[in-house]
Amino acid sequence: MKKINKESFKNYLNDVYQSRITYYEEFNEFLIFFEIDCFSEDCKHKLSIEITDHDIKFGAITKEPSIDFSLYDFVIETNKEAEEFVEQINKLGWPKQLE
């Protein structure tokens, strides 16, 4: 199993999204969370990313505070695939229709 380079992907997200990052937390050396407001201005959702040594998980969550116990929509196991996924989001938006 390949190991995710968390520091590299964290730097990548900071370069790509800069001021659109609305939340960032390193809970410990094994787990990093990002929330990024990268969809259209009228979209009620933002991108949520969980980074661990084993994978990078992507999901869409509401901008307004709410309790959401849903699982992530996409789980990716390499930095390269995750970067390509972010590029697709930037070009085409979220793969599923958001409200």
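The values are calculated or read from the model by the stated rules, or taken from the named source; none is laboratory data. Note that the structure is predicted; figures quoted are calculated from it, not measured. Backbone-built Cβ (ideal geometry, glycine too); neighbour counts: all protein chains shown.
Listed here are the residues, each with its yes/no results for (1) hydroxyl-bearing (Ser, Thr, Tyr); (2) touching a Cys at 6+ places or on another chain (Cβ under 6 Å); (3) modelled with pLDDT under 90.
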residue: Leu31; (1), (2), (3): no, no, no
residue: Phe34; (1), (2), (3): no, no, no
residue: Ser40; (1), (2), (3): yes, no, yes
residue: Thr52; (1), (2), (3): yes, no, no
residue: Lys57; (1), (2), (3): no, no, no
residue: Glu64; (1), (2), (3): no, no, yes
residue: Leu71; (1), (2), (3): no, no, yes
residue: Phe74; (1), (2), (3): no, no, yes
residue: Glu81; (1), (2), (3): no, no, no
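Tell me which residues, restricted to region 1-33, are part of a helix (DSSP H, G or I) and farther than 14 Å from Ile51 by Cα. Matches in region 1-33: Asp15, Val16, Tyr17, Gln18, Ser19, Arg20. Got at least one residue in region 33-42 being over 13 Å from the mean Cα position of the chain (by Cα), farther than 15 Å from Lys57 by Cα and in contact (Cβ under 8 Å) with a residue 60 or more places away in the chain? Scanning region 33-42 turns up no residue that is over 13 Å from the mean Cα position of the chain (by Cα), farther than 15 Å from Lys57 by Cα and in contact (Cβ under 8 Å) with a residue 60 or more places away in the chain.
Looking across region 34-43 at every residue that is not hydrophobic (A, V, I, L, M, F, W, C) and not in a strand (DSSP E or B), the one that is nearest to Glu81 (Cα to Cα) is identified as Asp37.
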